[in-house]
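The values are calculated or read from the model by the stated rules, or taken from the named source; none is laboratory data. As the structure is a computational prediction, the values presented were derived from the model and not from experiment. Ideal geometry is used to build each Cβ from the backbone, glycine not excepted, and the neighbour counts take in all protein chains shown. Accessible surface areas use protein heavy atoms only, side chains included; no ligands, DNA or RNA. Shrake-Rupley method; radii C 1.70, N 1.55, O 1.52, S 1.80 Å.
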Amino acid sequence: MAVLRFDWNTLYADLKVCTKCRLCETRTNIVISDGDPHADIMFIGEGPGREEDEQGVPFVGAAGRLFNYLLEEAGLDRKSIYICNVVKCRPPQNRDPFPDEADACLPYLRAQIALVRPKVIVCLGRISARYVYDRDIQISRQRGQVKKLGAFLVLPTYHPAALLRREELTNDFVSDLITAKHLAENDPVT
Ligand code: URA
């Protein structure tokens with residue numbers, strides 16, 4: 001019988017003392033997740049920014065505030081979804097995580113996916129989609145295209161921070177959130 005190596009307690013205990021990559025040297029707090037660990041929809045971002053690092057909670061900065069607002073627009077409640085990131089420690093100056101940093105952190109993300117067992121995974125932005133959906137993703141062409149990966153439906157969309165720079169992407173983003181909601185409720189996607 002396959003034995004799941006992680007339970008939540010082990011995962012949290014391991015993460016709190018993690019030194020698997022250089023990002024541990026500059027973190028204030030490790031940022032593990034927010035929301036409901038039994039959620040049907042899991043959102044995966046890239047990595048914590050300054051405010052997330054300070055508070056130890058994902059998506060609480062400017063992009064997070066916009067994300068909260070647009071979740072509501074789509075009829076989703078932040079408390080009923082699960083939110084996490086590819087890397088759990090802040091990359092300095094908000095640079096993209098290096099591949100070795102993401103690779104070091106991926107076992108934690110895989111454990112989170114296995115423990116939450118969401119129906120739908122939404123990748124927020126290119127970095128998240130690269131590691132979960134398609135290594136060569138082009139977000140502008142592939143956003144909104146649902147793929148079945150094992151037991152999960154995976155939907156890539158824009159990163160909320162992209163909407164702060166390009167407001168015209170907002171309608172597509174909200175439409176992707178609504179698609180995720182319908183998929184999770186097993187409703188036909190219209
Ligand atoms: N951007 C991310 O990708 N994740 C966060 O938690 C915050 C900003």
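General remarks:
- Straight-line cross-link reach from K20 at under 16 Å between alpha-carbon atoms covers these lysines, not counting any fewer than eight positions away in the same chain: K88.
- The phi torsions of segment 12-28, fed into the Karplus equation with coefficients 6.51, -1.76 and 1.60 and a -60° offset, translate into couplings of 5, 4, 5, 5, 4, 10, 5, 10, 6, 8, 5, 5, 5, 6, 10, 6, 8 Hz, rounded to whole numbers, with Gly and Pro shown as x.
- Neighbour cut-off at most 13 other Cβ (10 Å), DSSP loop, GluC sites (Glu not before Pro), segment 129-190: E185
- Mean separation of Cα contacts under 8 Å, 6 or more apart, over the residue count of the chain: relative contact order %: 23
- Expressed as a whole percent, the accessible surface of the chain that belongs to carbon and sulfur atoms is 49, based on a 1.4 Å probe.
- Applying 0.36 nm per residue to the separation of T26 and N94 and subtracting their alpha-carbon distance, the gain on full extension is 23.3 nm.
- Stokes-Einstein diffusion of segment 151-190 at 37 °C, 0.692 mPa s viscosity, Kirkwood radius from Cα pairs, rounded to a whole number: 299 µm²/s.
- For the chain, built as a Gaussian network whose Cα springs stay under 10 Å, the top-fluctuating residue of R126, R135, R27: R135
- Spatial separation of Cα centroids for segment 8-64 and segment 119-190, in angstrom: 20
- Å² per residue, accessible surface of the chain at 1.4 Å: 51
- Across segment 84-95, coupling constants 3J(HN,Hα) worked out from phi with the 6.51/-1.76/1.60 Karplus curve, θ = phi - 60°, read 8, 9, 5, 10, 9, 10, 5, x, x, 6, 6, 5 Hz, and Gly and Pro carry x.
- Calculated mean residue ellipticity at 222 nm for the chain: -11500 deg cm²/dmol, from DSSP H runs with n ≥ 4 weighted as -39500 (n - 2.57), summed, divided by the residue count and rounded to 500.
- Label positions at R117 and T10, each projected 7 Å from the Cα along the C-beta direction, are separated by 1.7 nm.
- Backbone HN-Hα couplings from phi across segment 114-130 [Karplus 6.51/-1.76/1.60, Hz, Gly and Pro as x]: 5, 7, 6, 6, x, 7, 10, 10, 10, 8, 8, x, 4, 4, 4, 5, 4
- The chain: most fluctuating residue of Q142, Q93, Q55 per GNM, C-alpha cutoff 10 Å: Q93
- Here is the size of the chain from its Cα atoms: Rg then Dmax, 15.6, 50 Å.
- Result for the chain in a Gaussian network model with C-alpha springs under 10 Å: among G47, G75, G61, the largest mean-square fluctuation is at G75.
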